[in-house]
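Below is one structure; the comments refer to it alone.
Throughout, read-outs are computed from the coordinates displayed, never taken from laboratory work. Since the structure is predicted, the reported quantities are computational estimates derived from the model, not experimental observations. Here Cβ is always computed from backbone atoms with ideal geometry, including for glycine, and neighbour counts include all displayed protein chains.
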Amino acid sequence: MQAFDPIELFQLLRQRYSWSPRRQREPAVDSFGFDPEALERARPLLNYLFDRWWRVQVSGGERVPESGGSIFVANRSGIFPYDGLMLAHAIECLGVAKLRPRFLIADWLAGLPFAQPLLSRLGAVRACAPNAERILDEHGLLIAFPEGQRGALKLFHDRYRLQRFARGGFVSIAIRKRARIIPVSVIGAEEVHPILLESQFLSRLLGFSALVTATFPHFGALGLLPLPSRWRIRFGEPIEFSRVAAEKADDPLHVNRVKDEVRSTVQRMLDREIRERSSVF
């Protein structure tokens, strides 16, 4: 009897199913890991989430320019970056941008082994100045969440109250790259996984934030499903930097002033949308 040869079996399976670790689509994957084929496979799900699950309403779309570099600055909503995915989807659906925007994610999320590869394939990029500048140079459209982790881990009673923007790096980048800043408010995403408290014991044990939401861990794995809240995305008036002197990018007073202006604008937009919202669901 012929001995079992696992290598031969692997070769047969690879030939039968035309599979190879070095797949033909690799050249299309850019240096950040974005994979157009993966996006196309995920598009039916993204469309369903956008149109049916969260029923996203978009306003102010006429303020999204057809050309030139832009940084969309929005409030951070929730643990998983559904907001980045849906905001990129909304901009693409407007049909004025030639390329799908990329959205920045924090180090702690980019470091999760199960999330980082998937998010990268769908357009997520680790948040840092060199990456942001490269995105603007190569693609022109960038989505940033200056609240960072503090915004993602807001408790439910603090929803839609903007946390302090830690740094004004997005302002300096906009000045250097002559990119406009477009304030964006996202309503509905902070009800997707309402965070009730953070378990300090589990956080120390696991090494990362262990959160208790309205549905998890009470309902087990089902509690990880996002709630079907109704979303509203509004684009504000662009802030132009085409005539701002390049040296202003290194002026802390100017950068902080613009940063606070953007934060105040987004907060006013959030307050307005909350007042006009008739129901969470």
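Descriptive notes on the structure:
- Local electrostatic count at Arg243 - Lys and Arg +1, Asp and Glu -1, tallied over other residues with Cβ under 13 Å: +2
- Remark on Ile195: its backbone amide H falls under 5 Å from those of Phe156, a criterion applied only to residues 5 or more positions apart or on other chains, H modelled at 1.01 Å from N.
- Evaluating 6.51 cos²θ - 1.76 cosθ + 1.60 at θ = phi - 60° for every residue in the stretch 41-49, the Karplus couplings come out as 5, 7, 4, x, 5, 4, 4, 5, 4 Hz, glycine and proline recorded as x.
- All other residues whose Cβ lies under 9 angstrom from that of Phe281 are scored, Lys and Arg at +1 and Asp and Glu at -1, for a net of 0.
- Taking the average, over residues, of other Cβ atoms within 10 Å as the packing measure, peptides 80-87, 152-159 rank 80-87, 152-159 from highest down.
- For Arg126, distant residues with modelled amide H under 5 Å away: Ile105
- Per-residue HN-Hα couplings for the stretch 95-101 [Karplus 6.51, -1.76, 1.60; θ = phi - 60°; Hz; x = Gly/Pro]: x, 9, 8, 6, 10, 6, x
- Reach of Lys259 by Cα under 18 Å, taken over aspartates and glutamates that are not fewer than 8 positions away in the same chain: Glu133, Glu147, Glu237, Glu240, Glu247, Asp250, Asp251
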